[in-house]
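Report on the following structure.
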Amino acid sequence: MSYIKEPIQKRAIEKKLKLIEAAKKVFNDKGYHNTHIKDITGEAGISTGLFYKYFKDKNDIYIEVIKLLIEKEMQVVLDFKDRIIEEENKKQVIRSYIENRLRIIIYNGIMQEFHILTKENEHIKDFTNNARKDYLNAIKDILFEIWHNAAESTIHVGAMLIWRTIYGNILEIATINNLDLKKEYIDNLTDLIHKYMKLD
């Protein structure tokens, strides 16, 4: 019987993280069903035997990748929340937020497939729902600070609109190769969110 152990030594932790980073790339490029353990270990340059010291199977490491991506996205949102309230140049904060989301969106292949694959996985479903609530609550907190007397329903709708508008447009921006066009798109999206949030 094999036991999955949580690494405590620095070298072991680094190997586990290397496997997760490799899995992130392979899952994004090939998709869940077309990815095999040997693809991940080959990308990481780590033996298959060592893989099974840290993960039960392909699904186990897939879940770790999803958690990592959601946590990174949440960190970007929380950073945006802190900066938009504290910093004077609100437009620059919005632009930075959009650019930071763009850096994460390169793994959108994983996230899109994930929504299909994990419908039956209650643990991941709960994790995702909680992350989504945290995300929306962070944006609501911003709007409560800015739209002082707005009704709660208005704040909720505003948070949803900001989230969906930025996410939908980021997916589009990520496909643009022309740097001038990409910059113009980001500039216009920044202006749109800035005006909608009534930050003038």
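The values are calculated or read from the model by the stated rules, or taken from the named source; none is laboratory data. Note that this is a predicted model, so its numbers are computed, not measured. Here Cβ is always computed from backbone atoms with ideal geometry, including for glycine, and neighbour counts include all displayed protein chains.
If you check every pair at least six apart or on different chains, which have Cβ atoms under 8 Å apart with a residue in segment 174-188 that is assigned by TED's automatic domain parsing to the domain that holds TYR107 and more than 17 Å from ILE105 (Cβ to Cβ) first and a residue that is surrounded by 11 or more Cβ atoms within 10 Å (Cβ to Cβ) and modelled with pLDDT of 95 or more second?
Correct list of pairs: ASP187/ARG95.
Suppose the filter is in contact with a helix residue (DSSP H, G or I) (Cβ under 7 Å, 6 or more places away or on another chain), within 27 Å of ILE20 (Cβ to Cβ) and of a type in the set (Asp, Glu); does GLU64 pass it?
The answer is yes for GLU64.
Could you please find all residues in segment 14-47 being over 19 Å from the mean Cα position of the chain (by Cα) and β-branched (Val, Ile, Thr)?
Within segment 14-47, THR35, ILE37, ILE40, THR41, ILE46 qualify.
For segment 59-80, what are the residues that are surrounded by 18 or more Cβ atoms within 10 Å (Cβ to Cβ) and over 14 Å from the mean Cα position of the chain (by Cα)?
Result: ILE61, TYR62.
Hey, can you tell me all the residues within segment 102-122 that are in contact (Cβ under 8 Å) with a residue 60 or more places away in the chain and either polar (S, T, N, Q) or exposed (fewer than 13 other Cβ atoms within 10 Å of the Cβ) (or both)?
ILE106, ASN108
Can you pull out the residues in segment 16-45 that are surrounded by fewer than 18 Cβ atoms within 10 Å (Cβ to Cβ), without any contact (Cβ under 8 Å) to a residue 40 or more places away in the chain and not charged (D, E, K, R)?
If the condition is that a residue be surrounded by fewer than 18 Cβ atoms within 10 Å (Cβ to Cβ), without any contact (Cβ under 8 Å) to a residue 40 or more places away in the chain and not charged (D, E, K, R), then LEU17, HIS33, ASN34, HIS36, ILE37, GLY42, GLY45 are the ones that fit.
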